[in-house]
1. Does V139 satisfy the condition of being more than 25 Å from the chain's Cα centre (by Cα) and touching a residue at least 24 places away in the same chain (Cβ under 8 Å)?
2. Which ones in segment 271-296 are more than 13 Å from D235 (Cα to Cα), surrounded by fewer than 17 Cβ atoms within 10 Å (Cβ to Cβ) and polar (S, T, N, Q)?
3. Please work out which residue is nearest to D440 (Cα to Cα), limiting yourself to segment 61-79 and to residues that are within 27 Å of the chain's Cα centre (by Cα) and either surrounded by fewer than 19 Cβ atoms within 10 Å (Cβ to Cβ) or polar (S, T, N, Q) (or both).
4. With A457, A463 as the choices, which residue is closer than 18 Å to A45 by Cα and either among the small types (G, A, S) or free of Cβ contacts under 8 Å to residues at least 60 places away in the same chain (or both)?
5. Only one of these is β-branched (V, I, T) and over 22 Å from V413 (Cα atoms): T55, T30. Name it.
6. Any residue at all in segment 305-314 that is under 16 Å from L211 (Cβ atoms), in the same structural domain as L253 (by TED's automatic domain parsing) and either assigned to a loop (DSSP other than H, G, I, E, B) or among the hydroxyl-bearing types (S, T, Y) (or both)?
Amino acid sequence: MLLSIDENTKSEKSVKLFSGGRYDLYHYKTYSDIRLVFVPENQLAFFGREHDSITYLRYGLDVAFLRAYEDGKPAATPHFLKWSAEGVKEGELVFASGNPAPTMRSSTAAQLTFYRDTALPLTLNRLMPRIKLLGEGPVLTSLLTQYKLAAGKLIGLRDDRLVARKTIFEGKIRHTVERDPALGMAGGKVWDEVATAYKNWAPFEKPYQILEGSPAPGSSLFRIARQIVRSETVDQDVSIQEPIEILMLTSYLEELQRLGEKESPIKNILSGRTPQQAAEAFVKTSKLANPAERRNNSEDGMIHLATLLDPAGRRLKKKHDDVFKSVEAAAAKIAQYRFRLFGAADYPDATSTPRVEFGVVKGYVDRAGVPAPYAATFSGLYYRANDAGPYSVPKRWVDGRGSLNIVTPLDFVSTCDIGSGDYGSPVVNRAGELVGVTFDGNLESLPDTYLYTSEGARAVHVAGQGIVEALEKIYKASALLREFGIGSSQKPNQKPVASSQ
């Protein structure tokens, strides 16, 4: 059953697949009354925090249980997933479901080259100096997540095998199109149109990212100010820390200074001040940290800054939209060519809508040549645990260690092509029984945005055995286990697995 927060009980959505080659009508039953039943401590759910994000081995109990209500009563959901008594096994076929974020599997070799040589390196070069300025905190976590996502994609694109496979496959499709009497050589020119567009755009990518695509990374005040200036929906419940705002805005003004007066009104912005002095003035004369003060007030320091930069950003946005309007049309043609050739056998790009993926539970060898077992156990959790920082555990986990079967799988990996957006989704075995919950992907899975391979890409899941072991031994949640149909005599088997230390 799909759960989402919505005021309606039923809804429909038309979903475009294969860039318009096919349209499907999705039907949803939604619940607006969702109540929290169980959630572990953040220390366990996000064990290792940003240090282990998008890596494996992982030791996170990143799972929560919710209850849907209708008319004030628990919803009747007779078609629920039964809990597996056996738990996950190495080599087992599993199925995962979710709403994977849009992928770019139809990207041309020219697009991948642009991302590899221009867009992604620029993103990384902008984020790293800011990351070095920050200590622990939500802003650092956000920037590190962005950095690792971009770095993972770039690592994949710098693997010559990925681009070579894309180029060879693209060449075969283009050759087939050009031999088609209804399309001919003119049909094949769409690839040239895409390549030309990206070549012409490349010099503008840097000012576009700085002024329009991703201005002032790490500054919540600037983001809110621009939303107000552009009459967009304003972010709510944002935590504002003045010292960090000044730090991030100083970095941004230095970036604008290097970009030059030709691209932005930096002289007018600084008005004879240093970037740090200007940043302090803009932040200290802003009231946007207070939600009640978030209105278009030209005397507000951050709104004044956003207003000064807005014309330059809009000019680049128009140029970007003009260039890529033709790219989108060409990309749609390419996707439709593929659909004509392969039909639904070439499954469509993800669209943030429901789908089911399949794979096998399988370890791998990471990019450093280190073998990673299929499962990480409680023993690995305690091996890494210490009394401080990202590897600390709550006292109840320290006290309860002796009661746990430490060879129980806590997290495991599979070759399921989850993309981004499947987090919190169930994983079932061939009998349709729940064996885990998806919560992450490894670094090697990030290039799957462009091309899926099962060589090193892995989805990371919380193991059903680990969830039961923690609920019973640490949280004493016997009532919840009974609802799952699990009693002491029905507990999933806990077989030793390869060492995960």
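1. Details: more than 25 Å from the chain's Cα centre (by Cα): no; touching a residue at least 24 places away in the same chain (Cβ under 8 Å): yes.
Spelling it out, it is not the case that V139 is more than 25 Å from the chain's Cα centre (by Cα) and touching a residue at least 24 places away in the same chain (Cβ under 8 Å).
2. Of everything in segment 271-296, those that are more than 13 Å from D235 (Cα to Cα), surrounded by fewer than 17 Cβ atoms within 10 Å (Cβ to Cβ) and polar (S, T, N, Q) turn out to be S271, T274, Q276, Q277, T285, N296.
3. Looking at residues that are within 27 Å of the chain's Cα centre (by Cα) and either surrounded by fewer than 19 Cβ atoms within 10 Å (Cβ to Cβ) or polar (S, T, N, Q) (or both), I get A64.
4. On the way: A457 fails: closer than 18 Å to A45 by Cα.
From the options A457, A463, the qualifying one is A463.
5. None of the others qualify; the one that does is T30.
6. Yes - at least one qualifying residue is present in segment 305-314.
Listed here are the residues, each with its yes/no results for (1) modelled with pLDDT under 95; (2) among the basic types (K, R); (3) over 22 Å from R126 (Cβ atoms).
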residue: R273; (1), (2), (3): no, yes, yes
residue: A292; (1), (2), (3): yes, no, yes
residue: N296; (1), (2), (3): yes, no, yes
residue: T307; (1), (2), (3): no, no, yes
residue: K318; (1), (2), (3): no, yes, yes
residue: S326; (1), (2), (3): yes, no, yes
residue: A331; (1), (2), (3): yes, no, yes
residue: Y337; (1), (2), (3): yes, no, yes
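One line per residue, one yes/no per condition, for (1) in contact with a helix residue (DSSP H, G or I) (Cβ under 6 Å, 6 or more places away or on another chain); (2) closer than 30 Å to I240 by Cβ; (3) assigned by TED's automatic domain parsing to the domain that holds V361; (4) at pLDDT below 90:
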residue: G72; (1), (2), (3), (4): no, no, no, no
residue: A85; (1), (2), (3), (4): no, no, yes, yes
residue: L93; (1), (2), (3), (4): no, no, yes, no
residue: I131; (1), (2), (3), (4): yes, yes, no, no
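The values are calculated or read from the model by the stated rules, or taken from the named source; none is laboratory data. Quick caveat, the model's predicted, so the values are computed rather than measured. Here Cβ is always computed from backbone atoms with ideal geometry, including for glycine, and neighbour counts include all displayed protein chains.
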